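So the structure is just underneath, and the comments pick up after that.
The values are calculated or read from the model by the stated rules, or taken from the named source; none is laboratory data. Being a predicted model, the structure only gives us computed values, none of them experimental. Virtual Cβ from ideal backbone geometry, glycine too; neighbours counted across all protein chains shown. All accessible areas refer to the heavy atoms of the entire protein, side chains included, with ligands and DNA or RNA removed. Shrake-Rupley method; radii C 1.70, N 1.55, O 1.52, S 1.80 Å.
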Amino acid sequence: MRTAMSKRKKIIIKLCMYLGYLLIAAIFIGPIVFLFVSSLKPYVQIESDMSNIRAFIPYGDLSLDNYINVIVKADFFKFFKNSVVVTIIFVLLATTINAMIGYALGMLNFRGKAIIISTIVALSIIPTESIIINRFMTVNSLGMLNTYIGLAIPSVAYPMYMYLYYNHFKGMPKELQEAAIIDGASYWKIFTKIMMPLSKPIITTVAIMAFIRSWSDLLWPTLVTRDGTYRTLPLALKSLFSDTYTDWGQVFAFSTLMVIPTMILFLVFQKQFVASVTSSGIKG
Amino acid sequence: MANSSKKKSGLQRGESKAAFLFCTPAVVLALVFIILPFAMSVVYSFTNKQLIPKVGIETAFVGLKNYIEIFTSKVTVLSFKNTFLYALIVVPSVLVIGTVLAVFVNQKIKGVQVFRLIYFSPQVVTMTVVAVIWAFIFSSNSSGLLNSFLGLLHIAPQKWLQDQHLALPCLAIMYIWQNLGMQMLIILSGLQYISEELYEAAEIDGCTTFEKFIYITVPGLKNTLVYVLVSVIINSLKVFTQVYVLTNGGPSNATTTVVFQLYKAGFVNGQVGYSSAIAVTFFMLVMVISILQNKFAKED
Amino acid sequence: MKKKIFAGLLSAMMVVSLAACGSSETGATATESKSETTANTADGTAAAATDAQGGYEGKEVKVWISSGAEDDIYREMFDKIEGDLNITITDEYYSKDELDNKMQTSSIAGDMPDAVVADYLLIPKYYEAGLVANLDDYVTDELMDDYLPSVVSECTYNDHIISVAQFDSGLAFWANKSMLENAGVRIPADYKDAWDKAEFEDALKKLKDSGVEWPIYVRQNKPSTEYYTWMPFVASFGGDYMNRETGLCTGTLDGDNTIASFDFLAKLFTDGYADATCDYEDSFQKGENALALYGHSKYQDYKAALGDDLILVPLPDMGHGVYTCSGSTVMIMTTGAQESGKDDAVWAMLQEATNPDYIKMVVDVNGAVPARSSVMDAIPDYCEGGTLYLYRQQLESGISFLRPYTPAHMTIYDAMASVIGNIYAGADPATELHDAAANIDEIITENGWNFQ
């Protein structure tokens, strides 16, 4: 009798939990559904659907017209290619270079460590927008204007990522390293063969943050690209907003195309990201 | 630690050398692309440098003029207030909701991974797109999305982004919506460090779920929460994109933030000197606050 | 030791940044002296260009274009011109912000384009910075005589011709004819016959009484465009945005007449004639309004929605006469093109683009008013009885006002976009305008943008 009661109670609690999960999910995913659905509708219908639940339902005058316009007229894939290249360069460099300094700060002893750490914290306060003109002059004198490297490299040394890595490596067991040193391994080997493989969750976290940052960067590319060759997606999206007329259907289609690669990538890596974050691996 | 490292000084030298090499790439890049540009900003902040000056106008040192103007300009002072107010809305919300959400999805229930994914998904939508979507949601029209929803609950339509009291909170909601998933996951990873035994012991002692949350979860998350706190504070103080894409600082400068104000000063009005002075002031202010906060935290 | 290194690093940084500061100063003087020399050589090269016809063949011309509804037709046009002139044209399209960011940094990057196609209001800032070439020695009398007076004035800055244009903007009320008739509102035949203030107010009231819930749409969903569309009202109230003599705003932008005009705008909302919460673009098409204060760019859309019901009605005389606002996209040659000796090719391109054929090609797409009278003669809409004849009449008669033509444009425009947005939200126009004028003037004087 008692077990039956508590079983029923458990089921009810479970149901309530699921209901809660679903409600919260609606808040998070609703606006994204609205984006995807609207990208299939003509502008007039987007407006008239705004007042009710139809805004979230694919119905009515659906077509791929917006997408065709965006791909053919707005030349989506040219910008897409540029964004992909810049983002790959940025993510690769940002995940490794910041990991290196994070490892040194977190696991090695050396003079000046404290200064570097507090400098990192201080530097993280500086908004990129505030130094962008001077950064432009620096990149110009290095001859890196209008190149992929010029687009990617200035933000690679990113204080927040350094701090994240530092925090992570600080928490790693020192015994692993000490054992490896006794075995005669070099620090580089320890870093690449032991520490990095054990840091997949944090690497994935930084990689995703870096990806989003680079993928959505709006201001820097307006300065550093000097012709159409290297312009990235956010710039092309901004061009769709004109003073005289904005076709929201096209804006939504372009946005959807911009968001989907990120979503796919995230889904592919979510095992790394979410699952290994939650599985208790090395946390000791 | 100090003792043992003294003993093996040869090893220590190797360690220092390695550390130096590991730090070099990041330090060099930071020097060239952050520290040098910021140092230039510091210098420019004492000049009247313009982005594209009229022919014949020379850049000259103007002393503290730019800094004085920051404090005499109503809008710039307001931009500082707005920025801190924005952080004041965002930071506690993200921290509290993020922790609750993390605990909520930290259950061993079938399908919970899917929900974690969904909660995280706004993070992959770029801010420009987020702003566009929410502009439609926050439509001031009575048949706008959110207003229609409120209509069902018999709440009068609001003007949202056009209302000078609501505009800033609206921008905050956008950011919270987008960013919460990321913080939730970071907190979730922190939860894994808390030993299961503590909860079991509490269960035996007859603690309620709420008590467990307050006495075990929160203290156990201390390091994680400090990281989240610091990173959310810093990121929210730099709020720019939503303002740039959506409100252009309005209505009545209610959403003019520091970074937006310095962007406008630099790019719209061409006053690089003044823009730099705002940046330097912002930097100093946040530095002082964080140093003070550190001090108080230590005294506690 | 630590401290020493730190101090050394810091001083090194200071030296570098000071050097950077210094070098940019010398950069500024360099461009100054450069522009002096180009001013000297301008006559010479222009003469040379006329001497050696076709000497430009094979040259490469780089054009930056502020993107908009015309992008596709521009691409086609530049392709054709390439063939006509046997030159290579690289045309790049950027959003207005991006174009402005790129132009402002082009002297640092040293990659100034040879020509720019952009809103005329962006040009003075570039001109004052020495980026824009004078065209006095290039333009022909034939072209200037054929231009609308409004086009001549938008191309003239500081008594120099600095740009050419293909089209001008047209501005009057778009009106729903049957709604006006239904409400018993008189439809003015032309601008001389425009409503006066009382009749306009009466018309709004009659429309409201006849069942049109929101008689007028002023594109409240995009306050920044009101800077353009409200200009005629400001002028008709006897006000202005800027003192055209001094280049300053205080006393003009916040003068009594300008305030009165914005009080009137605010009253349209408080009296219930316009819907402050209308944040969508197609209100007039949907039949929610009888009048729309919107430029020529809506012609195709409105025509499709209303058909023969669509008419143009002149803006009312609010006391100081009937006005319209003009000024649109212009094309300029940069000083960079002169320095690199490409001015002949650039001018050939600009001349080609302002030929009637190309003008017609572009206005057929964007619905703007052709800059040349000869082109209008060939388009029925612009001939007597045509839907758009009023635009032509207004611009030919010289009742059009330009928005302030000053390097401070972006500052004024940005401030006014906020002011107007705030007025929609219920702010007091006088306070808003006083604050804006003071802020704008501070920036103008600091940057030396006022007219001496």
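Does at least one position in the range B:206-225 carry a residue that is within 11 Å of chain A (Cβ to nearest Cβ), open to solvent by 30 Å² or more (accessible area, probe 1.4 Å), within 30 Å of A:Leu123 (Cβ to Cβ) and within 13 Å of the chain's Cα centre (by Cα)? No, every residue in the range B:206-225 fails to be within 11 Å of chain A (Cβ to nearest Cβ), open to solvent by 30 Å² or more (accessible area, probe 1.4 Å), within 30 Å of A:Leu123 (Cβ to Cβ) and within 13 Å of the chain's Cα centre (by Cα). The number of residues in the range A:223-240 that are open to solvent by 10 Å² or more (accessible area, probe 1.4 Å), closer than 30 Å to C:Gln220 by Cβ and within 7 Å of chain C (Cβ to nearest Cβ) comes to 2.
Candidates are the residues of the range B:132-153 that are aliphatic (A, V, I, L, M) and surrounded by fewer than 21 Cβ atoms within 10 Å (Cβ to Cβ); the one that is nearest to A:Ile212 (Cα to Cα) is B:Ala135. Elements of the type helices (runs of 4 or more DSSP H) sitting completely within the range C:271-358 and holding at least 1 residues that are closer than 30 Å to C:Glu92 by Cα and open to solvent by less than 10 Å² (accessible area, probe 1.4 Å): these cover C:335-339, C:343-353. For the range B:243-288, filtering for residues that are over 21 Å from B:Ala131 (Cα atoms) and in contact with a helix residue (DSSP H, G or I) (Cβ under 9 Å, 6 or more places away or on another chain) leaves 22. Counting only helices (runs of 4 or more DSSP H) wholly contained in the range B:84-198, the ones carrying 3 or more residues that are in contact with a Gly (Cβ under 8 Å, 6 or more places away or on another chain) and farther than 19 Å from A:Ala26 by Cα occupy B:167-191. Inspect all residues belonging to the range C:426-448 and state whether any of them is touching a residue at least 12 places away in the same chain (Cβ under 8 Å), of a type outside the set (Ser, Thr, Tyr) and in contact with a Pro (Cβ under 7 Å, 6 or more places away or on another chain). The answer is no, given that none of the residues of the range C:426-448 is touching a residue at least 12 places away in the same chain (Cβ under 8 Å), of a type outside the set (Ser, Thr, Tyr) and in contact with a Pro (Cβ under 7 Å, 6 or more places away or on another chain). Considering the range C:433-448, the residues that are open to solvent by less than 30 Å² (accessible area, probe 1.4 Å) and more than 7 Å from chain B (Cβ to nearest Cβ) include one that is farthest from B:His165 (Cα to Cα), namely C:Ile444. Within the range B:90-132, the set of residues being under 19 Å from B:Val243 (Cβ atoms), facing another protein chain (nearest Cβ under 7 Å) and modelled with pLDDT of 90 or more comprises B:Pro122 only.
Candidates C:Lys303, C:Lys298: the one that is touching a strand residue (DSSP E or B) at 6+ places or on another chain (Cβ under 6 Å) and either within 14 Å of another protein chain (Cβ to nearest Cβ) or not hydrophobic (A, V, I, L, M, F, W, C) (or both) is C:Lys303. When the range A:90-115 is filtered for residues that are more than 7 Å from every other protein chain (Cβ to nearest Cβ), in contact with a Leu (Cβ under 9 Å, 6 or more places away or on another chain) and surrounded by 19 or more Cβ atoms within 10 Å (Cβ to Cβ), the ones remaining, listed by number, are A:Phe90, A:Leu93, A:Gly102. Of the residues making up the range A:30-49, those that are in contact with a Phe, Trp or Tyr (Cβ under 9 Å, 6 or more places away or on another chain), among the aliphatic types (A, V, I, L, M) and open to solvent by 20 Å² or more (accessible area, probe 1.4 Å) are A:Val33, A:Leu40.
Out of C:Asp282, C:Asp301, C:Asp263, report the one residue that is in contact (Cβ under 8 Å) with a residue 24 or more places away in the chain and either on the phi > 0 side of the Ramachandran plot or not basic (Lys, Arg) (or both).
On the way: C:Asp282 fails: in contact (Cβ under 8 Å) with a residue 24 or more places away in the chain; C:Asp301 fails: in contact (Cβ under 8 Å) with a residue 24 or more places away in the chain.
The match here is C:Asp263.
In a residue-by-residue description of the range A:258-265, the property of being free of Cβ contacts under 8 Å to residues at least 12 places away in the same chain, open to solvent by 50 Å² or more (accessible area, probe 1.4 Å), of a type in the set (A, V, I, L, M) and part of a helix (DSSP H, G or I) applies to at least one position. Reported count of residues in the range A:242-276, each being modelled with pLDDT under 80 and farther than 24 Å from A:Ser48 by Cβ, is 9.
Set side by side, the residues C:Ala368, C:Ala430 differ, and just one is aliphatic (A, V, I, L, M), more than 10 Å from chain B (Cβ to nearest Cβ) and touching a Gly at 6+ places or on another chain (Cβ under 8 Å), which is C:Ala368. Taking A:Tyr161, is it buried (at least 22 other Cβ atoms within 10 Å of the Cβ) and modelled with pLDDT of 90 or more? Yes: the conditions hold for A:Tyr161. Looking across the range B:147-162, the residues that are more than 25 Å from A:Lys238 (Cβ to Cβ) and more than 7 Å from every other protein chain (Cβ to nearest Cβ) come down to B:Asn147, B:Phe149, B:Leu150, B:Gly151, B:Leu152, B:Leu153, B:His154, B:Ile155, B:Ala156, B:Pro157, B:Gln158. The set of residues in the range A:241-257 that are of a type in the set (Ser, Thr, Tyr) and open to solvent by 30 Å² or more (accessible area, probe 1.4 Å) comprises A:Thr244, A:Tyr245. Restricting the range B:42-71 to residues that are at the interface with chain C (Cβ under 7 Å from one of its Cβ atoms) and part of a helix (DSSP H, G or I) leaves a set whose member that is surrounded by the fewest Cβ atoms within 10 Å (Cβ to Cβ) is B:Val43.
Regarding the range A:132-142, can at least one residue be identified that is free of Cβ contacts under 8 Å to residues at least 60 places away in the same chain, within 10 Å of chain B (Cβ to nearest Cβ) and not in a helix (DSSP H, G or I)? For the range A:132-142, residues free of Cβ contacts under 8 Å to residues at least 60 places away in the same chain, within 10 Å of chain B (Cβ to nearest Cβ) and not in a helix (DSSP H, G or I): present.
I'm told A:Met172 meets every condition in (1) modelled with pLDDT under 90; (2) assigned to a helix (DSSP H, G or I) except one. Can you identify the failing condition by its number? Among (1) modelled with pLDDT under 90; (2) assigned to a helix (DSSP H, G or I), the lone unmet condition for A:Met172 is (2).
For (1) open to solvent by less than 20 Å² (accessible area, probe 1.4 Å); (2) within 14 Å of chain A (Cβ to nearest Cβ), each residue gets a yes or a no:
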| position | (1), (2) |
| --- | --- |
| C:Pro149 | no, no |
| C:Val152 | no, no |
| C:Asn182 | no, no |
| C:Asp193 | no, no |
| C:Lys222 | no, yes |
| C:Glu226 | yes, yes |
| C:Leu253 | yes, no |
| C:Asp256 | no, no |
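In the range B:13-27, the qualifying residues are those that are of a type in the set (Gly, Ala, Ser) and open to solvent by 10 Å² or more (accessible area, probe 1.4 Å), and the one that is farthest from the other protein chains (Cβ to nearest Cβ) is B:Gly14.
So which of B:Lys238, B:Lys295 is more than 9 Å from every other protein chain (Cβ to nearest Cβ), among the charged types (D, E, K, R) and surrounded by fewer than 24 Cβ atoms within 10 Å (Cβ to Cβ)? Don't jump to the end; show me each part of the working.
Working: B:Lys238 fails: more than 9 Å from every other protein chain (Cβ to nearest Cβ).
None of the other options fit; the residue is B:Lys295.
For B:Ile233, the conditions (1) open to solvent by less than 50 Å² (accessible area, probe 1.4 Å); (2) closer than 25 Å to A:Ile125 by Cβ; (3) modelled with pLDDT of 85 or more are fulfilled apart from (1). Among the residues here, A:Phe77 qualifies as exposed (fewer than 15 other Cβ atoms within 10 Å of the Cβ) and closer than 30 Å to A:Leu219 by Cα.
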